[in-house]
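Trainee: Sharing a structure with you now.
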Amino acid sequence: MNTIQEIDTPRTNPARRWLPTRTQFRRGLRNTFSYALLIVITLFCVFPIAWILKTAFETPQFIRNPQIQWIPLKFTIQNFIDVLGNPRAMIGRSYLNSFYVASVSTLFSTLITVLAGYALSRFTFRGKNAFAIYLLIINMVPGTLILISMFVFLVKIQLVNSHPGLIIYYTAIGLPLAVWMLKSYFDTIPIDLEEQAMVDGATRVGAIRYVILPLALPGIIAVTVYVFLSHWNEYMAALTIVQTPKLRTLPVQILNFMGFERMDWGPVMAYSVIVSLPVVILFIFAQRRLVGGLTTGSIK
C-alpha cells in the first residue's frame with residue numbers, strides 16, 4: 001500500500017512551488033504591460049493640466065526664465081487678480097454667455113434626443129435602419145462643412161451674430177451622436193416592463209414617464225453632460241457665428257484676451273483655469289453616472 005501511495009502521489013520539488021507557471025508568467029507580463037501603458041497615457045493627459053496650473057500660480061520672472069522650473073519656487077494669485085480685474089477679459093459676461101448658450105442648447109438637445117432615441121429603440125418604421133446609419137455617417141463629416149451650410153441657413157433666417165443662431169447650431173450638431181448613444185441605452189431596458197405597465201392601465205406616455213425614464217436616468221445624465229461639455233468648449237462655430245464682443249463665449253474670449261503681439265502667459269493660464277472650473281465641478285459630481293451611462297450603452 002505504501003508503494004502504491006508513493007506512485008499515485010508524485011513528489012514535487014519544494015523550490016518549484018514558488019515559481020510561477022507559464023500561464024501565470026504570461027498573465028503577469030500582460031498585466032504589467034497594461035499598467036505601464038495606462039501610466040504613460042495618464043501622464044500624457046495630466047501633464048498639460050499640471051503645466052497650466054503651475055504657470056497660473058507662478059510669478060512672471062519664473063515664467064520667463066529660460067531654465068524650466070518643474071515646481072514653482074514662489075506661488076502667487078496675482079495672475080487671477082489681473083484677470084478678474086481686467087475689463088478687457090470680460091470674464092463675467094463671457095461666463096453668462098457660455099452658460100446660457102450651452103444650457104439652452106443642451107436642454108433642447110436632451111429633449112429631442114430622448115424622444116428620438118426611444119423611437120429608434122422601440123418602434124419599427126420604414127427607413128429606420130437607413131436613418132440609424134445616417135446618424136453614424138453624419139458624425140464622420142468634418143464640422144467645418146456642416147458649419148458652412150448652417151451659416152448660410154442662419155444668414156437666410158437672419159440669426160447670424162446672435163445667441164439663438166448659435167443655440168440652433170449647437171442643438172443640431174450634437175443630436176446625431178447623442179441620439180445613437182441614448183438609443184443604445186434604451187435597448188438595454190427590457191420592453192416587457194413598459195408592456196406590463198400598459199397592461200395594468202398605463203398609457204404609452206405614462207409608461208415612458210414612470211417606468212422608462214427613471215431606468216434610463218443614468219444614460220440621460222451621461223448624454224446631457226457629454227453634450228453640455230462639448231457645447232461649453234466649442235470654439236469654431238462661436239467664432240464664426242458671433243462677432244459682437246458682448247456676445248462672445250469663453251473659448252473665443254480667451255483668444256481675444258491673449259492678444260497677438262505680446263502674450264503674458266500667467267494671466268492667460270489663470271483665465272484657462274477659471275474657464276475650466278465649471279467643467280471640472282460638473283464632472284466630479286456626475287462622473288459616476290457619466291461612466292455608468294456610457295459603458296452600459298456601449299456594452300449593449
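Readers should treat all values here as calculations from the given coordinates under stated rules, not as data from a laboratory. Just so we're clear, the structure is a prediction, and the values are computed from it rather than from any experiment. Note that we place each Cβ from the backbone using ideal geometry, even for glycine, and neighbour counts take in every protein chain shown.
Trainee: What is the log10 of I(q)/I(0) for segment 94-299, computed with the Debye formula using one identical point scatterer on each Cα and no solvent, at q = 0.07, 0.14 Å⁻¹?
Mentor: Ignoring solvent entirely, the Cα scatterers give -0.26, -0.91.
Trainee: Arranged by the count of other C-beta atoms within 10 angstrom, fewest first, what order do ASP82, ASP192 take?
Mentor: On the way: ASP82 15, ASP192 9.
Ordered from fewest to most neighbouring Cβ atoms within 10 Å, ASP82, ASP192 come out as ASP192, ASP82.
Trainee: To continue, here is another question. Label-point separation (nm) for ARG88 and THR188, each offset 7 Å from Cα along Cα-to-Cβ?
Mentor: 4.9
Trainee: Taking LYS156 as the anchor, which lysines have their alpha carbon closer than 26 Å to its alpha carbon, excluding any fewer than eight residues away along the same chain?
Mentor: Partners within reach: LYS246.
Trainee: Next question, about the same structure. ARG204 label point, 7 Å along Cα→Cβ, cut-off 14 Å on backbone N: hits in segment 117-140?
Mentor: 117-126
Trainee: How would PHE283, PHE80 line up from fewest to most surrounding beta-carbon atoms within 10 angstrom? Don't skip to the answer; put the middle values down first.
Mentor: Numbers: PHE283 12, PHE80 18.
Going from least to most buried by this count: PHE283, PHE80.
Trainee: What residues from segment 205-245 fall in the zone where the backbone N is under 12 Å from a label point 7 Å along the Cα-to-C-beta line of ASN256?
Mentor: Counting backbone N atoms under 12 Å from the label point, the list is 239-240, 242-245.
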